[in-house]
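The values are calculated or read from the model by the stated rules, or taken from the named source; none is laboratory data. In this text the structure is predicted, and so the values were computed from the model without any measurement. Methodologically, a virtual Cβ is constructed for each residue, glycine included, from the backbone with ideal geometry; neighbour enumeration extends over all protein chains shown.
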Amino acid sequence: MACLGEGVEGSEGALKELEGLVKSIGALRVEYEKVVREQALGEVQALDRVRELAAQLDRHERALESIALRCGLPAWRAGLSRLTESLEAVLSRGGGVGELLEVLRVVGELERVYELAGLGRGGGGALRADGLLVIREYVKEALYRALRGGDPSGLLGEALSVARALRELEALAAEGARLVGLEDLEVVGCVDGKPVYALRRGDSPGG
Amino acid sequence: MDRDPERVIIERREGREVHYFYWRADLYKPFDYEPVTLLDGLLCTRYHWRGLVLWTDPVVKGKPLMTFALGVHTPLVYSRSWLVWVVHCARDLTLAERFWLGFYLSVFNALLQGVLRLPRGGFHGYMDKAVEGEVPEQYRLKPSEWSFLIVVGPLPERLPREVAERLEKCA
């Protein structure tokens, strides 16, 4: 699996491979559990199969982790660019129902990339997920409005500004900035009896 | 200021002077107003409608220095210290507000890490663009209607009255 650069084709290939591996792992786990049950019932000959399946599972999971590490962020960034371009295009043309459904499909692809690549584990993971969910909600609402003959451009504009903000965050992250969300805040004192939060010490030079 | 708005509308109303930096087009909106004012002596800006930002330690060269960053007209005042404090009514935050607060915090963190650098020159006043007037009601700064409050610089001993009143309503 090459996954070179951040091109859309490369990211789509990575996504397909990730999906294939996830399916394989799912099937292997089902078989593994079945064989373990058989072994527990006294069928000794199942022991070799258990060992073989465990080794296969281990290989697949390591491959999954490796691809997610190498291709997850590039696939996410390429998908974000595609989503931003889709939103710009649909906004400039007024937001037809078919185009809005296509934007929702692109959002769905990005959600799969986020999940498969385990982007929620790193810093700012929740921020990315929140942003994507906000976009989905705006586009769904825009679709609803378009279906009722209304003007969806305000909602699409909100979705586009979130997509652009996500791209700006990725540009900062690519330069080495650590993305932070509300989960990275801690209570450091009170003002007027209410808690005051700051970034956890060590998150930044300003602490 | 180092980014040019098309106009600056100076609104005097109810004993307060607010300078609204105006752009004709902001993505999909026909125009955008970014307010700057003093609240009980503290420099105040608005961030994405529902965020209020108090700048307690601005760099002042005659006037505080500020810029609008990152394509979404995010107001940033140059500060001597970049201590960033957040007060929010967690239960009141919508998902979109959570995201925009996280975005702003990440921008501050990038500044603290030295990844994002603010322009160092080209500052000028804006009175040549200033006009007296009123802004549409929906764009007006309402210091008592924020969902989250950010303080950049040392925490003030006392919050401005309207800000404190809003804070009292937080669960």
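Pairs meeting the criteria (first residue in segment B:160-171 and touching a residue at least 60 places away in the same chain (Cβ under 8 Å) and in a loop (DSSP other than H, G, I, E, B), second residue exposed (fewer than 12 other Cβ atoms within 10 Å of the Cβ) and not polar (S, T, N, Q), beta carbons under 7 Å, at least 6 apart or on different chains) are B:A171/B:R91. Screening B:L76 against (1) surrounded by fewer than 16 Cβ atoms within 10 Å (Cβ to Cβ); (2) at pLDDT below 90 leaves a single unmet condition, (1).
For segment A:139-156, the set of residues classified as surrounded by fewer than 23 Cβ atoms within 10 Å (Cβ to Cβ) and under 22 Å from the mean Cα position of the chain (by Cα) consists of A:K140, A:E141, listed by residue number. Is it fair to say A:V187 is surrounded by fewer than 20 Cβ atoms within 10 Å (Cβ to Cβ) and in contact with a Cys (Cβ under 9 Å, 6 or more places away or on another chain)? So A:V187 does not fit the description; no.
You will find that of A:R145, A:R167, the residue that is in the same structural domain as A:L73 (by TED's automatic domain parsing) and under 14 Å from A:L83 (Cβ atoms) is A:R167 and no other. B:L52 fulfils the conditions (1) outside any strand (DSSP E or B); (2) more than 10 Å from every other protein chain (Cβ to nearest Cβ); (3) not small (G, A, S) except for a single criterion, (1).
Taking the criterion of being modelled with pLDDT of 85 or more, over 13 Å from B:Y104 (Cα atoms), more than 7 Å from chain B (Cβ to nearest Cβ) and touching a helix residue (DSSP H, G or I) at 6+ places or on another chain (Cβ under 6 Å), the residues of segment A:160-207 that qualify are A:A163, A:R167, A:E170. Applying the condition of being touching a residue at least 40 places away in the same chain (Cβ under 8 Å) and part of a helix (DSSP H, G or I) to segment A:104-124 and asking which residue is nearest to B:E97 (Cα to Cα) yields A:L119.
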